[in-house]
Amino acid sequence: MPPALSDLQQRSLSHVWHPCTQMQRAWQLPPLPIVRGQGPWLYDEQGRRYFDAISSWWVNLFGHADARINAAIKDQLDTLPHVMLAGCTHEPAVQLAERLSARTAGVLDHCFFASDGASAVEIALKMSFHHWRNLGRPAKQDFVCLRQGYHGETLGALAVTDVQVFRDAYDPLLMRAHQVMSPDARQALPGESAADVAQRAAAELEALLAEQHERIAALILEPLVQGASGMAMHDPAYLRAARELCDRYQVHLIADEIAVGCGRTGTFFAFEQAALPDQTPIWPDLLCLSKGISGGYLPLSLVLSRNAIYEAFLDDEVARGFLHSHSYTGNALACRAALAVLDRFDQDHVLETNREQAAQLTAALAPLAADPRIEHFRQRGMIWAFDVREPLAGARFAERFHLAGRARELLIRPIGRTVYLLPPYVLDPALSAWLAEQLRATLDATLSENTDDADRAPEPATA
Ligand SMILES: Cc1ncc(COP(=O)(O)O)c(C=O)c1O
């Protein structure tokens with residue numbers, strides 16, 4: 001029997017085309033009618049609360065309705081909500097560009113703004129291609145991406161994405177990109193370490209670049225954690241190898257830190273963990289940031305670029321410039337929210353407290369990590385994930401787990417049979433213990449269900 005719908009749910013299903021959703025199915029599994037958010041909690045119309053265990057698609061950093069981010073946006077609202085960034089400029093955009101550049105010690109010293117993650121990826125791809133073209137090397141127009149990579153769902157970003165459920169229908173429209181082995185540590189052969197897998201994956205990349213570098217503009221990857229394909233984690237050795245190979249073969253390295261940036265993996269930029277053994281930092285050529293940069297408040301994305309790339313666009317001829325724009329590029333409210341986020345990092349020692357929070361939750365999850373029903377328990381920074389063993393997971397695992405979580409005040413969305421936690425940075429020992437307990441109870445409830453269709457094929461992965 002279809003569930004009884006509230007007025008808001010009914011109207012939503014009648015007029016809102018929800019993202020990443022089979023709308024026919026949505027009448028059986030209607031969207032949660034959320035009316036308020038505070039800290040890590042979301043509240044529905046009935047006043048029921050849900051712990052936002054996935055930070056609202058990985059965007060929220062300090063909880064909902066954070067007092068300091070609220071105050072910054074309100075102040076900006078009364079001053080300058082928005083002005084176009086072509087021919088005009090404003091303090092929040094300039095300061096944000098300066099402060100992010102400083103976080104790369106000035107290596108990535110120019111910032112191009114956009115609104116969402118996929119646009120940042122499009123910009124990075126176009127910049128790379130156009131840079132080579134301006135240098136008189138127009139043949140460099142191919143892109144390399146990793147298997148299991150995800151970079152967004154506009155056509156360019158989808159072309160370098162390897163999540164079938166998102167790209168299959170559009171395949172005829174997509175430019176061809178080279179895919180190379182993911183360094184996902186779960187692929188370790190007996191006796192292999194995560195670093196060995198990274199080396200094996202780097203060897204495949206090397207073979208491709210050696211053969212085709214004259215045609216290749218850039219390699220794009222998600223540093224340390226490939227999110228949307230199921231929180232696949234890899235050893236930082238892969239990033240060092242990729243950097244070295246891209247230098248050797250004159251190929252740009254694009255780091256998509258849209259999900260993993262802003263402290264999520266333990267450092268502000270994930271790429272910082274690829275420093276050389278003597279601690280010399282290494283950096284990509286282009287770095288995409290979005291999601292957490294505005295604290296989960298407003299659409300904002302950006303691409304940080306090396307000066308060498310920027311300079312290749314300087315010319316008397318207009319068309320050699322980077323003629324790309326979005327109407328809300330560098331929106332002042334969003335930039336101001338981002339400045340409040342950076343203030344939190346500077347003033348509250350966020351990376352240090354995250355390390356404590358991560359240790360607490362990892363300790364609380366230790367019994368689950370040893371549970372024989374799961375495999376590949378993994379953690380990096382403020383990301384935890386595990387895979388439920390087949391055939392235990394069964395049909396529609398993600399949906400059943402999601403519903404069982406909701407009944408336990410947990411808002412969680414597994415990807416296929418991968419369960420992951422990506423909470424706001426607000427954990428404490430009591431919350432960690434509660435979270436671990438609810439997660440175990442949700443797993444118990446999901447796996448003990450007697451599903452009629454348990455022997456059908458598992459559902460495709462979606463984030
Ligand atoms: C690594 C990565 N790149 C790009 C994107 C696309 O961002 P958006 O959904 O804002 O377009 C995402 C979104 O999940 C992502 O995780």
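The values are calculated or read from the model by the stated rules, or taken from the named source; none is laboratory data. It should be emphasised that the depicted structure is a prediction, and the values quoted were computed from it without experimental measurement. All Cβ positions, glycine included, derive from the backbone under ideal geometry; neighbour counts span all protein chains shown. The accessibility values were calculated without ligands, DNA or RNA, using every heavy atom of the protein model including side chains. Shrake-Rupley method; radii C 1.70, N 1.55, O 1.52, S 1.80 Å.
Looking at the structure I just gave you, is Val260 open to solvent by less than 30 Å² (accessible area, probe 1.4 Å), closer than 20 Å to Ile123 by Cα and either under 14 Å from the mean Cα position of the chain (by Cα) or not assigned by TED's automatic domain parsing to the domain that holds Arg103 (or both)? Quick ask: steps written out before the conclusion?
Values: open to solvent by less than 30 Å² (accessible area, probe 1.4 Å): yes; closer than 20 Å to Ile123 by Cα: yes; either under 14 Å from the mean Cα position of the chain (by Cα) or not assigned by TED's automatic domain parsing to the domain that holds Arg103 (or both): yes.
Criteria met by Val260.
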Residues (within 16 Å of the ligand (Cβ to nearest atom), over 24 Å from Glu206 (Cβ atoms) and not hydrophobic (A, V, I, L, M, F, W, C)) located in region 165-185: Arg167, Tyr170
Looking at the structure I just gave you, is Val160 under 21 Å from Leu253 (Cβ atoms), open to solvent by less than 10 Å² (accessible area, probe 1.4 Å), within 12 Å of the ligand (Cβ to nearest atom) and of a type outside the set (Asp, Glu)? yes
Taking into account only those residues within region 106-144 that are surrounded by fewer than 22 Cβ atoms within 10 Å (Cβ to Cβ) and of a type in the set (A, V, I, L, M), which is nearest to the ligand (Cβ to nearest atom)? Val107
Return the residues of region 67-105 that are of a type in the set (Asp, Glu) and either over 16 Å from Ala334 (Cβ atoms) or surrounded by fewer than 13 Cβ atoms within 10 Å (Cβ to Cβ) (or both); say none if nothing qualifies. Asp75, Asp78, Glu98
Exactly one of Glu375, Glu390, Glu399 is assigned to a helix (DSSP H, G or I) and either in contact (Cβ under 8 Å) with a residue 12 or more places away in the chain or open to solvent by less than 60 Å² (accessible area, probe 1.4 Å) (or both), and that one is Glu399
If I filter region 188-237 down to residues being within 30 Å of Gly136 (Cβ to Cβ) and touching a Ser or Thr at 6+ places or on another chain (Cβ under 7 Å), which single residue comes out as nearest to the ligand (Cβ to nearest atom)? Ala218
Would you mind listing the helices (runs of 4 or more DSSP H) fully within region 1-95 where at least 2 residues are within 16 Å of the ligand (Cβ to nearest atom), assigned by TED's automatic domain parsing to the domain that holds Pro424 and of a type in the set (A, V, I, L, M)? none
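In region 243-257, which residue that is more than 16 Å from the ligand (Cβ to nearest atom) and of a type in the set (A, V, I, L, M, F, W, C) is surrounded by the most Cβ atoms within 10 Å (Cβ to Cβ)? So that I can check it myself, show each step before the final result.
Within region 243-257, the subset more than 16 Å from the ligand (Cβ to nearest atom) is 243-252.
Applying the additional criterion that residues be of a type in the set (A, V, I, L, M, F, W, C) yields 245-246, 251.
Values: Leu245: 20, Cys246: 22, Val251: 26.
The residue in question is Val251.
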Conditions (1) of a type outside the set (Ser, Thr, Tyr); (2) closer than 19 Å to Ala102 by Cα; (3) within 12 Å of the ligand (Cβ to nearest atom); number of the one not met by Gln273: (3)
